[in-house]
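Trainee: My questions will all concern the structure given below.
The values are calculated or read from the model by the stated rules, or taken from the named source; none is laboratory data. Note that the structure is predicted; figures quoted are calculated from it, not measured. Ideal geometry is used to build each Cβ from the backbone, glycine not excepted, and the neighbour counts take in all protein chains shown. Just so you know, the surface numbers come from the protein's heavy atoms only, side chains and all, with ligands and any DNA or RNA stripped out. Shrake-Rupley method; radii C 1.70, N 1.55, O 1.52, S 1.80 Å.
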Amino acid sequence: MIPPSSYFTTWDFSVDPCDNIGPKFLGILCSSPSNNSKSRITTLELDGAGYDGFLPPRIGTLTELTSLDLSRNRFRGPLPDALKNLNKLTKLSLSGNFFTGGIWTWIYRLKKVERIDLSENCLSGRIPARISKLRRLTQLILSKNEFSERIPNIYALQKLQILDLDSNMLIGSLPKLPPRLRTLRLSHNKLTGHITSLVNLDHLISVDVSDNWFSGPINRGVLALPRLSHLNVSFNQFTKMEVNNYFGSGSRLRTLDAQRNHLRGHLPVKLVNFERLEVINLAHNQFTGQIPMAYGQRLGRPWRTLFLDYNFLSGRIPPEFGPVAVRIRGSLANNCLSCPLRIPLCRGQQRHASACHGVTDG
């Protein structure tokens, strides 16, 4: 049932929507006629009222459309080929529906499109390589679908700022990515290889490559990206975290989530030089040795979240972990530490002595 407050209830199918003004035809905008030309529909943006059914081929007759937004509804079935006629589109948003099938190979014909959002549907198959011909594209959002195979070469999308391919079934290594990317979301796929290629993307602000099969090092150049604020590399197979020695106020990194990898060696002392870092999660790895004394000086200044649980850390904890840690969210449990239970971060048992055999404090 369509609620009485929906846009659809304002539509009067007995008249031309471009010949009416006022509260009628909510979600529809028309062009201003000139030189005796007829006014045409340029914007069709439905509210998320639960509209159901198939997208009819007649949608392709609205050739003056610049914006088509049918998101957060219940449209289903394949995307009609008639959409290729909408070559004046700058915005295409069909997210949050039940569309099936693949992305059309003729998508390159939408040469003026700047934003595509097809997220949260049931789309499948490969992402067509011809998508790289959409040279005005700034946002490509295809998350929460069933796309498979490799990410195509999209380096030619020189204006692309947001690439969101979360929660698909993509495989293979990272392709060469466009240089102006600001947001990169690739989590919950089956991607492999290294992430070293990200070091060339100086505009990156947010990176989420969690829950993949990436391996090798978390490269020092990635942590050194000048605008990077959020980095999530959790639930992968990384074995090493490289941290430069020279960081100061120049780093903008605030969140570092590297939990559930295979990180080895001692905890990186130089993390204390990231002056804006607030949230750190290095839990469920294979770190050994003592917690650096410098970590204690950062608790609450500005570190407010610190998860180091489920490693093989040993020895005494820095003295600052006692009085300050009441205000800190995190855990030191399931290590080999001398960790008094009266300290909030120490709550939860440490590993059994047999699991700590051979673990040293050095």
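Trainee: Name the residues in region 265-316 that are among the hydrophobic types (A, V, I, L, M, F, W, C) and in a loop (DSSP other than H, G, I, E, B), would you? Explain how you work it out, then say what you get.
Mentor: Initially, region 265-316 is screened for residues among the hydrophobic types (A, V, I, L, M, F, W, C), giving 267, 269, 271-272, 274, 277, 279-280, 282-283, 287, 291, 293-294, 299, 303, 306-308, 312-313.
Correct list: Leu267, Phe274, Leu277, Leu282, Ala283, Ile291, Leu308.
Trainee: Still on this structure, please answer the following. Of the residues that make up region 279-294, is at least one in contact (Cβ under 8 Å) with a residue 60 or more places away in the chain, open to solvent by 20 Å² or more (accessible area, probe 1.4 Å) and in contact with a strand residue (DSSP E or B) (Cβ under 6 Å, 6 or more places away or on another chain)?
Mentor: Filtering region 279-294 for residues in contact (Cβ under 8 Å) with a residue 60 or more places away in the chain gives 288-290.
Filter once more, keeping what is open to solvent by 20 Å² or more (accessible area, probe 1.4 Å): 288, 290.
Remaining after also requiring in contact with a strand residue (DSSP E or B) (Cβ under 6 Å, 6 or more places away or on another chain): 288, 290.
So far as region 279-294 goes, yes, one or more of its residues are in contact (Cβ under 8 Å) with a residue 60 or more places away in the chain, open to solvent by 20 Å² or more (accessible area, probe 1.4 Å) and in contact with a strand residue (DSSP E or B) (Cβ under 6 Å, 6 or more places away or on another chain).
Trainee: Out of (1) out of contact with any strand residue (DSSP E or B) (no Cβ under 9 Å at 6 or more places or on another chain); (2) not in a helix (DSSP H, G or I), the odd one out for Val207 is which?
Mentor: (1)
Trainee: Mind checking which pairs have a first residue in region 334-352 that is farther than 16 Å from Arg316 by Cβ and in contact (Cβ under 8 Å) with a residue 24 or more places away in the chain and a second that is open to solvent by 60 Å² or more (accessible area, probe 1.4 Å) and in a loop (DSSP other than H, G, I, E, B), Cβ under 6 Å, 6 or more apart or different chains?
Mentor: Qualifying pairs under 6 Å: Asn334/Tyr310; Asn334/Arg351.
Trainee: Let me ask something else about it. Please enumerate the residues belonging to region 1-43 that are hydroxyl-bearing (Ser, Thr, Tyr), within 23 Å of Arg72 (Cβ to Cβ) and open to solvent by 60 Å² or more (accessible area, probe 1.4 Å).
Mentor: Residues of region 1-43 that are hydroxyl-bearing (Ser, Thr, Tyr), as a first pass: 5-7, 9-10, 14, 31-32, 34, 37, 39, 42-43.
If we keep only those that are within 23 Å of Arg72 (Cβ to Cβ) too, we end up with 5-7, 9-10, 42-43.
Answer for region 1-43, where residues must be hydroxyl-bearing (Ser, Thr, Tyr), within 23 Å of Arg72 (Cβ to Cβ) and open to solvent by 60 Å² or more (accessible area, probe 1.4 Å): Ser5, Tyr7, Thr9.
Trainee: Filter region 136-157 down to the residues that are within 17 Å of the chain's Cα centre (by Cα) and of a type outside the set (A, V, I, L, M, F, W, C), then identify the one that is nearest to Lys190 (Cα to Cα).
Mentor: Glu146
Trainee: Among the residues of region 92-120 satisfying the criterion of being in contact with a Ser or Thr (Cβ under 6 Å, 6 or more places away or on another chain) and open to solvent by 50 Å² or more (accessible area, probe 1.4 Å), which is nearest to Leu142 (Cα to Cα)?
Mentor: Checked region 92-120; the qualifying residue nearest to Leu142 (Cα to Cα) is Glu120.
Trainee: Where residues in region 144-165 are surrounded by fewer than 21 Cβ atoms within 10 Å (Cβ to Cβ) and in contact with a strand residue (DSSP E or B) (Cβ under 6 Å, 6 or more places away or on another chain), which of them is farthest from Asn97 (Cα to Cα)?
Mentor: Arg150
Trainee: Here's another thing I want to ask about it. Please identify the pairs in which a residue from region 189-201 that is closer than 11 Å to Asn236 by Cα has its Cβ atom under 6 Å from the Cβ atom of a residue that is open to solvent by 20 Å² or more (accessible area, probe 1.4 Å) and of a type in the set (Val, Ile, Thr), counting only partners at least 6 apart or on another chain.
Mentor: Partner pairs satisfying both residue conditions: Lys190/Ile171.
Trainee: If you don't mind, another one. Quick one: how many residues across region 47-64 are touching a strand residue (DSSP E or B) at 6+ places or on another chain (Cβ under 7 Å) and under 30 Å from Pro33 (Cα atoms)?
Mentor: Residues of region 47-64 touching a strand residue (DSSP E or B) at 6+ places or on another chain (Cβ under 7 Å): 50-55, 62, 64.
Pick out the ones that are also under 30 Å from Pro33 (Cα atoms) and you get 55, 62, 64.
Count: 3.
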